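What follows is a set of notes on a single structure, which appears directly below.
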Amino acid sequence: MDMTLSKILLSLLLLVSSIPAEEERPLYHFTAEKNWINDPNGMVYYEGEYHLFYQYNPLGDKWGHMSWGHAMSTDLISWSHLPLAIPETDDVMAFSGSAVVDWHNTSDFGKDGKPPLVAIYTGHRQGRQDQRLAFSNDRGRTWTQY
């Protein structure tokens, strides 16, 4: 191999190894910071923020321990990862569902005259499924399972 080709290959190798991993991630497609991500589970807009929920395994890169991951954006391009909205509890995994702003507080979960965010999802435990609720009174930052 001639010296010029060797220098070119070495330069390319150094260039590629110096590119941050973030640049290898999609620019306009949401991805979790790590681990398994699955179905999107509702997107809701409230007080200038888009909230995206998705099935997520916080414990590994394979399916299991399904919880609801949560991200927020003001422009649908740049996303901030928030703590889990609905974690797996007592061996009940949080499967697919939806989220809404309960504008008229029909759930009675609202506080101080502000509408709550309400998530309706399927709880799954060893072959048994049921419907569950969770709500937030702080613009989706924390969630209470009902």
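Taking the condition over 29 Å from residue 146 (Cβ atoms), acidic (Asp, Glu) and at pLDDT 90 or above, does residue 75 pass? Give the derivation first.
On the way: over 29 Å from residue 146 (Cβ atoms): yes; acidic (Asp, Glu): yes; at pLDDT 90 or above: yes.
The answer is yes for residue 75.
Among all residue pairs at least 6 apart or on different chains, which show Cβ distances below 6 Å where the first residue, located in region 36-52, is on the phi > 0 side of the Ramachandran plot and in a strand (DSSP E or B) and the second is at pLDDT 95 or above and of a type outside the set (Asp, Glu)?
As it stands, the answer is 42/53; 42/98; 42/99, since those pairs meet every condition given.
Please state which of the following conditions residue 106 fails to meet, knowing it meets all the rest: (1) without any contact (Cβ under 8 Å) to a residue 12 or more places away in the chain; (2) of a type in the set (Ser, Thr, Tyr); (3) closer than 24 Å to residue 60 by Cα.
Of (1) without any contact (Cβ under 8 Å) to a residue 12 or more places away in the chain; (2) of a type in the set (Ser, Thr, Tyr); (3) closer than 24 Å to residue 60 by Cα, only one is false for residue 106: (3).
For residues in region 103-146 being surrounded by fewer than 16 Cβ atoms within 10 Å (Cβ to Cβ) and in contact with a Pro (Cβ under 7 Å, 6 or more places away or on another chain), which is nearest to residue 72 (Cα to Cα)?
103
Within region 108-137, track down each residue that is within 19 Å of the chain's Cα centre (by Cα) and of a type in the set (Phe, Trp, Tyr).
121, 135
The values are calculated or read from the model by the stated rules, or taken from the named source; none is laboratory data. Given the structure is predicted, the values throughout are model-derived calculations rather than measurements. Because the Cβ atoms are built from the backbone with ideal geometry, glycine has one as well, and the counts that use them run over all protein chains shown.
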